[in-house]
Amino acid sequence: MSQRMQQGQPMIIMGEDAQRVKDKDAQEYNIQAARAVSEAVRSTLGPKGMDKMLVDSMGDVTITNDGVTILQEMDIDNPTAEMIVEVAETQEDEAGDGTTTAVAIAGELLKNAQDLLEQDIHPTAIIKGFHLASQEARAQVDDIAESVEPDDTELLQKVAETSMTGKSSELNKDLLAELIVDTVKAVTVEADDGSYVVDLANVNVETQTGRATSESELLKGAVIDKDPVQDDMPTAFDEADILLLDEPIEIEETDVDTQVNIESPDQLQQFLDQEEKQLRQKVDQIVDSGADVVFCQKGIDDMAQHYLAKEGILAVRRTKKSDIAFLRDVVGGNVVSDLDSLTQADLGYGSVRRDGDDELFYVEGLGDESHGVTLLLRGSTDHVVDEIERGVEDALDVVSTTVSDGRVLAGGGAIEVELARRLRGYAGSVGGREQLAVEAFADAVELVPRVLAGNAGLDSIDMLVKIREAHENGDTRAGLNVFSGEVEDTFESGVVEPAHAKEQALSSATEAANLVLKIDDIIAADELSTGGDDDEGGAPGGAGGMGGMGGMGGMGGAM
Ligand code: ADP
Ligand code: MG
């Protein structure tokens, strides 16, 4: 052994800027960071939750209370906090909703874990207990859930409405919920095994500013936000053969270096004639195929536009690639990339209408194979339409997973209180230190009704006690209606949530909490941000002013 080690000095194995935090300090550091994120979104939970105004580095403003949007825009750069952001992202991908719930529960699990750690309960026991509780909770969700079929329109509309409450889309939630459910139904098919498959790829959500949201509509087929290339083209066809083209109707560029030497006016004329002939030939190919309408993804030469108009063909240029792909689903046929090989069989078949006020084309498929619907969302300004679109996209996901999953729950904290009650019963059978973790898990789940009440300006403890009482009396659907402030059967009052999203929220929150708890050693190549040395006085990772990551000032002692 070296002299230095004997003197009790640590051997230096890390760079100067490197930092190492171990054991309890590491856990504390991580838990604080994760809790800070979770607390930042908590105030947005539920219909009475507040909004957040997010300003990005370009100065663009987003006003939202959507958990995942908030966390993504917060630009967090603390690694532990990022794990919590991932919970929200997983939740968003898997369920389309419940992001705030998942993140809030993850934070509360960690808060309760911290208490257990302080009582010298080993992280391994906590992790095991949380894992068992999460498994049991999901089994109980399945037991409590009620089933729903695609034709339970009213119930599905409640699911859509519940998912939209608290968002801007809420103002028109009756109409939007109806549109959302109709949309999902339009793309639902029954599989051979009797289950339902919803294909949202057949749904195109279009937004249009200028008119009231209440004028939003569900349309069979596609909506194309483009003008005809010439005003004198026809714009309405009851039945049209439609060409989808991704080749320009322009003169083909000759080889890059080719020079044309023109020495006489005759030659110039010849050259121009040549070009004209080429364009004429392309237009003739289109005419010969029998096409009435051309949606071209690329450009269309002025001369070709003129020929097309004379032939009575409607032509649209620079159609978005995604619109062309969607049109193909709607009208059938093929997307043609070479006019030389165009045949009639490549054409799609449908009707075309134009709304003069809106300057939109409505294209409906008429073939047997036609599928695809467009949900046209309207609103007065970009901000309004954007937030409505976010709400509607989420609700579409929620309703479609509900249809394929087939199970729903009473919301407003009803499911959480029932789960907590059952988990406390289950805890006894677990025994040992894990039992304490299961109980801590039950408490954490009850965060949802507490926060819902608090955000609505109600006394959260009073409310929780009332809801628990109802559950003790066997009313498994008793929850809080934040609008009336009453404890009631929330399923009946229309606060209905998908079971799948709740299961997902429970499991991703647990996974994240356990991931954080498993870490007992942080080795960082650079200095860890602790919130104390931030120039702008805010919290690290741009979370300043949004709950921040305070409480980490004590880190210095760990070094
Ligand atoms: P999340 O991102 O988790 O979906 P939300 O802000 O959408 O968060 O809030 C969802 C919660 O709000 C759910 O627990 C749901 O049951 C509850 N909720 C929705 N509508 C009501 C209502 N009218 N009364 C009480 N709770 C409601
Ligand atoms: Mg929600």
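Exactly one residue out of Arg468, Arg433 is more than 16 Å from ligand 2 (Cβ to nearest atom), of a type outside the set (Val, Ile, Thr) and modelled with pLDDT of 95 or more, and it is Arg468.
Here Glu89 clears all of (1) over 15 Å from His500 (Cβ atoms); (2) touching a residue at least 60 places away in the same chain (Cβ under 8 Å); (3) surrounded by fewer than 20 Cβ atoms within 10 Å (Cβ to Cβ); (4) within 16 Å of ligand 2 (Cβ to nearest atom) except the condition numbered (2). Within the set Val293, Val316, the sole residue that is among the aliphatic types (A, V, I, L, M) and touching a residue at least 60 places away in the same chain (Cβ under 8 Å) turns out to be Val316. Summed over the stretch 257-290, the residues that are farther than 13 Å from Leu339 by Cα and free of Cβ contacts under 8 Å to residues at least 12 places away in the same chain give a count of 19. Is it the case, given these coordinates, that Thr162 is of a type in the set (Ser, Thr, Tyr), at pLDDT below 90 and within 16 Å of ligand 2 (Cβ to nearest atom)? Judged against the criteria, Thr162 is not a match.
Kindly establish whether Glu416 is more than 16 Å from ligand 2 (Cβ to nearest atom) and more than 23 Å from the chain's Cα centre (by Cα). Criteria not met by Glu416. Remark: Thr213 falls outside the filter, which requires a residue to be farther than 24 Å from Ser163 by Cβ and of a type in the set (Ser, Thr, Tyr).
Taking the criterion of being surrounded by fewer than 20 Cβ atoms within 10 Å (Cβ to Cβ) and within 14 Å of ligand 2 (Cβ to nearest atom), the only residue of the stretch 51-68 that qualifies is Asp51. For the stretch 328-345, enumerate the residues that are in a helix (DSSP H, G or I) and either loosely packed, with under 15 Cβ neighbours inside 10 Å or at pLDDT 95 or above (or both). Matches in the stretch 328-345: Asp340, Ser341, Gln344, Ala345. Can you pull out the residues in the stretch 375-384 that are of a type outside the set (Ser, Thr, Tyr) and either buried (at least 21 other Cβ atoms within 10 Å of the Cβ) or not in a helix (DSSP H, G or I) (or both)? The answer is Leu375, Leu376, Leu377, Arg378, Gly379. Checking each residue in the stretch 24-59 for being closer than 16 Å to Thr100 by Cα, among the acidic types (Asp, Glu) and in a helix (DSSP H, G or I) picks out only Glu39. Only one of the numbered conditions (1) near ligand 1 (Cβ under 9 Å from one of its atoms); (2) of a type in the set (A, V, I, L, M, F, W, C); (3) under 25 Å from Glu89 (Cβ atoms); (4) modelled with pLDDT of 95 or more is not met by Leu480, and that is (3). Considering every residue within the stretch 348-365, establish whether at least one is surrounded by 13 or more Cβ atoms within 10 Å (Cβ to Cβ), among the aliphatic types (A, V, I, L, M) and assigned to a loop (DSSP other than H, G, I, E, B). Within the stretch 348-365 (the criterion being surrounded by 13 or more Cβ atoms within 10 Å (Cβ to Cβ), among the aliphatic types (A, V, I, L, M) and assigned to a loop (DSSP other than H, G, I, E, B)), the answer is no, since none of the residues qualifies. Does Asp77 qualify as being surrounded by fewer than 22 Cβ atoms within 10 Å (Cβ to Cβ), within 23 Å of Gly49 (Cβ to Cβ) and modelled with pLDDT under 95? Spelling it out, it is not the case that Asp77 is surrounded by fewer than 22 Cβ atoms within 10 Å (Cβ to Cβ), within 23 Å of Gly49 (Cβ to Cβ) and modelled with pLDDT under 95. The requirement of being buried (at least 21 other Cβ atoms within 10 Å of the Cβ), at pLDDT 90 or above and within 16 Å of ligand 2 (Cβ to nearest atom) is satisfied by Ile180. Taken together, Gly365, Gly406, Gly350, Gly413 contain a single residue that is away from ligand 1 (no atom under 16 Å from the Cβ), in contact with a strand residue (DSSP E or B) (Cβ under 6 Å, 6 or more places away or on another chain), closer than 20 Å to Gln504 by Cα and in contact (Cβ under 8 Å) with a residue 12 or more places away in the chain, which is Gly406.
Here Pro123, Pro150 are screened, and the one residue that is more than 12 Å from ligand 2 (Cβ to nearest atom), in contact with a strand residue (DSSP E or B) (Cβ under 6 Å, 6 or more places away or on another chain) and either over 21 Å from Ile415 (Cβ atoms) or free of Cβ contacts under 8 Å to residues at least 60 places away in the same chain (or both) is Pro150.
Only one of the numbered conditions (1) among the β-branched types (Val, Ile, Thr); (2) within 16 Å of ligand 2 (Cβ to nearest atom); (3) at pLDDT 90 or above; (4) in contact with a Leu (Cβ under 7 Å, 6 or more places away or on another chain) is not met by Thr401, and that is (4). Would you mind stating whether Glu446 is in contact (Cβ under 8 Å) with a residue 12 or more places away in the chain, under 28 Å from His131 (Cα atoms) and away from ligand 2 (no atom under 16 Å from the Cβ)? Yes, satisfied. Under the condition of being part of a loop (DSSP other than H, G, I, E, B), among the acidic types (Asp, Glu) and more than 22 Å from Thr319 (Cβ to Cβ), the residues counted in the stretch 258-301 number 1. Taking the criterion of being under 23 Å from Glu154 (Cα atoms), in contact (Cβ under 8 Å) with a residue 40 or more places away in the chain and among the acidic types (Asp, Glu), the residues of the stretch 191-233 that qualify are Glu215, Glu217.
The values are calculated or read from the model by the stated rules, or taken from the named source; none is laboratory data. Just so it is clear, the model here is predicted, and its values are computed rather than measured. Methodologically, a virtual Cβ is constructed for each residue, glycine included, from the backbone with ideal geometry; neighbour enumeration extends over all protein chains shown.
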